[in-house]
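Participant: Below you will find the structure I want to go over with you.
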Amino acid sequence: MPAAEAMLRSGKLSLVRYQFVDCRYELGKPTRGRELYRTGHIPGASFLDVDTELSDPSSPNAGRHPLPGLERFAEVAGRAGIGTGVFVAAYDQGSTGGAARLWWLLRHFGHDDVAVLDGGIGVWRGPLVPGEEPAVPARFLPRAQSGDTIGADELVARLGEPGLVVIDARAPERYRGEIEPIDPVPGRIPGAVNVPFAAPEIAAEVLEAKEIVVYCGSGVTACVDLLALAEAGRPDARLYTGSWSDWSTRGLPAERG
């Protein structure tokens, strides 16, 4: 349950409230995440929906999961119990992208007090609570960061630029263009390397790149790779927010094989 917990910061003892946030979802099943939450969640956890709250479906021509705007996200976060003095512990089923998406969005909007439960709800050893559980509302003060995203126009203009590494976080078969179950064109952005979100292993040459850009199908599971990059010492990697769902509808070059 959300509670005041003692922790040391800068040598001083302070009180910080912890808020678990359930971010489970299944691609193509828009109601599944909330169903899982209602079946059983970590006590005190609020729920945020990837499709409608960690994205803005009303934004046109921005891919399948457009980023929510500043005011919209501030309202969503506050309602979920996230605000000043709140440390967020996000979880999903384990590397499905929902928790990492919240982690990335919170940092994008200036809230660094956030972590992801490694392994998801499956590693939780405490009780689970069924039903809905409203969070204690908080006031979220967004401070949008710059430089952590990239759009299609800039990316296509810079393809092949020395020092720029583009990472495709999708499954290998989608990266190679052997299958494409969702988007209109199979394949990948030319020159991209594959670091599948299901088991992100970051090569040394990637970590040494001057600049790193990450994309996936729609900007959700790419956040799993961005989290892995941050843990490996590259928190400066950028998200191509529209990802393949945006790229593939623009008639931009694609590579297969």
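To keep it simple, each residue is scored yes or no on (1) in contact (Cβ under 8 Å) with a residue 40 or more places away in the chain; (2) surrounded by fewer than 17 Cβ atoms within 10 Å (Cβ to Cβ).
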| site | (1), (2) |
| --- | --- |
| Arg38 | yes, yes |
| Pro60 | no, yes |
| Ala80 | yes, no |
| Arg101 | yes, no |
| Leu106 | no, no |
| Ala115 | no, yes |
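Participant: Scanning for something touching a Gly at 6+ places or on another chain (Cβ under 9 Å), under 20 Å from Ser243 (Cα atoms), without any contact (Cβ under 8 Å) to a residue 40 or more places away in the chain and surrounded by 15 or more Cβ atoms within 10 Å (Cβ to Cβ), does region 193-211 turn up at least one residue?
Facilitator: no
Participant: What residue, of Arg188, Arg158, Arg176, is more than 13 Å from Ala254 (Cβ to Cβ), modelled with pLDDT of 95 or more and among the basic types (Lys, Arg)?
Facilitator: Being more than 13 Å from Ala254 (Cβ to Cβ), modelled with pLDDT of 95 or more and among the basic types (Lys, Arg) holds for just one of Arg188, Arg158, Arg176, which is Arg158.
Participant: Restricting to region 134-157, and then to whatever is in a helix (DSSP H, G or I) and of a type outside the set (Val, Ile, Thr), can you tell me which residue is surrounded by the fewest Cβ atoms within 10 Å (Cβ to Cβ)?
Facilitator: Ala157
Participant: In this structure, does Val16 turn out to be at pLDDT below 90, open to solvent by less than 50 Å² (accessible area, probe 1.4 Å) and not in a loop (DSSP other than H, G, I, E, B)?
Facilitator: Spelling it out, Val16 is indeed at pLDDT below 90, open to solvent by less than 50 Å² (accessible area, probe 1.4 Å) and not in a loop (DSSP other than H, G, I, E, B).
Participant: If I filter region 158-173 down to residues being farther than 12 Å from Val213 by Cβ and part of a helix (DSSP H, G or I), which single residue comes out as most open to solvent (accessible area, probe 1.4 Å)?
Facilitator: Glu173
The values are calculated or read from the model by the stated rules, or taken from the named source; none is laboratory data. Not measured: the values here are computed from a predicted model. All Cβ positions, even for glycine, are placed from backbone atoms using ideal geometry, and neighbour counts span all protein chains on display. SASA here: full protein model, heavy atoms, side chains in, ligands and nucleic acids out. Shrake-Rupley method; radii C 1.70, N 1.55, O 1.52, S 1.80 Å.
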